[in-house]
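For reference, the structure discussed in these notes is given below.
The values are calculated or read from the model by the stated rules, or taken from the named source; none is laboratory data. Predicted, not measured: the structure shown is a model, and the values here were computed from it. A quick note on method: Cβ atoms are made from the backbone with ideal geometry, for glycine too, and the neighbour counts reach across all protein chains shown.
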Amino acid sequence: MRGILITFEGIDGSGKSTTIAEIARRIGEEERGDEERTPFAGRRFHFTAEPTGGEEGRLIREMLRKGPKTANVGGPGAREAEQLEELFLFMADHARHLKETVIPALERGRVVISDRYSDSRIAYQGATLRGIIPQPMKWVRELHRPWSVVPDKTILFSIDPAQAVLRCRSREEVSPSRMPKSPEKFEREAFLQEVAANFEAMARSEPGRFVIIDAARSKAEILEETMEALTEILEETKTNV
Ligand code: ADP
Ligand code: TYD
């Protein structure tokens with residue numbers, strides 16, 4: 001595969017989607033030739049995300065919107081089964097994403113930028129499966145290993161979960177049509193603390209792959225630093241395309 005896979009990771013509200021939208025806009029401007037030439041010129045980009053807009057992605061969003069089914073019902077093992085159902089829906093979505101989007105784009109030499117990817121599963125399901133599966137982060141990573149494509153670089157948006165939760169609340173006030181994603185679970189601060197700690201541990205164990213962005217700053221500052229990081233990645237990987 002000749003392309004490059006760059007993933008963005010971080011907890012909910014860390015500002016990934018906002019920054020990626022702005023990067024896509026800037027790259028679009030360069031493609032129209034309004035800007036001076038940079039390492040972005042001459043590269044073809046493909047923007048994508050997990051969960052995807054496909055069938056499994058739709059099921060995931062529905063599941064997240066409804067929240068846990070087993071809060072008040074279900075016999076022994078119901079909560080555990082529900083967490084595994086969730087993991088395997090995300091895995092199925094990833095498999096389709098790889099097959100239909102990521103691999104074909106990489107084969108065409110694209111720079112693929114994904115808003116969340118396998119590390120989200122290791123960090124989030126690494127948290128939800130704690131107490132259900134021994135060493136859940138390791139287990140989820142191993143589930144991917146034989147068949148998934150490892151990102152060339154991962155840009156991790158690092159932020160205090162309390163600040164990220166506040167941002168998520170105001171996002172829902174601004175666009176009430178955007179359903180809160182199971183606030184009981186995914187936007188609870190204590191849960192996000194654990195997910196953030198999982199991301200940080202992954203970044204420490206693979207310093208060559210991860211680039212950490214301090215996401216507590218202004219949108220403009222974050223965008224500039226992310227553009228600089230992308231420029232460096234594209235310079236480094238020039239020979240790949
Ligand atoms: P993510 O995709 O990581 O969940 P979003 O990009 O959707 O996060 O951002 C969550 C909310 O925070 C949105 O309402 C967005 O406008 C706001 N936001 C994003 N970046 C910043 C920032 N640097 N400072 C303040 N608010 C921000
Ligand atoms: P997303 O729509 O990217 O949320 P946001 O825009 O707030 O970052 O992802 C939906 C939720 O699903 C989010 O809480 C993270 C979670 N998630 C997992 O738990 N596992 C996964 O494998 C992925 C891709 C997402």
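Worth pointing out:
- Residue that is farthest from residue 163 (Cα to Cα) [pool: residues in the stretch 193-236 that are among the acidic types (Asp, Glu) and touching a residue at least 60 places away in the same chain (Cβ under 8 Å)]: 235
- Some residue of the stretch 2-24 being of a type in the set (A, V, I, L, M), assigned to a helix (DSSP H, G or I) and at pLDDT below 95: no
- From the list 113, 155, 122, the one residue that fits, being β-branched (Val, Ile, Thr) and either assigned to a helix (DSSP H, G or I) or in contact with a Lys or Arg (Cβ under 6 Å, 6 or more places away or on another chain) (or both), is 122.
- Restricting attention to the stretch 94-129 and to residues that are of a type in the set (Asp, Glu) and surrounded by fewer than 22 Cβ atoms within 10 Å (Cβ to Cβ), the residue that is farthest from ligand 1 (Cβ to nearest atom) turns out to be 107.
- Condition check for residue 140: assigned to a helix (DSSP H, G or I), buried (at least 19 other Cβ atoms within 10 Å of the Cβ) and among the β-branched types (Val, Ile, Thr): yes
- Qualifying residue in the stretch 64-78 (condition: under 25 Å from residue 198 (Cα atoms) and modelled with pLDDT of 95 or more): no
- Looking across 33, 28, 42, one residue alone is away from ligand 2 (no atom under 11 Å from the Cβ), modelled with pLDDT under 95 and outside any loop (DSSP other than H, G, I, E, B). It is 28.
- Among (1) at pLDDT 95 or above; (2) more than 13 Å from ligand 1 (Cβ to nearest atom), the one test that residue 189 misses: (1)
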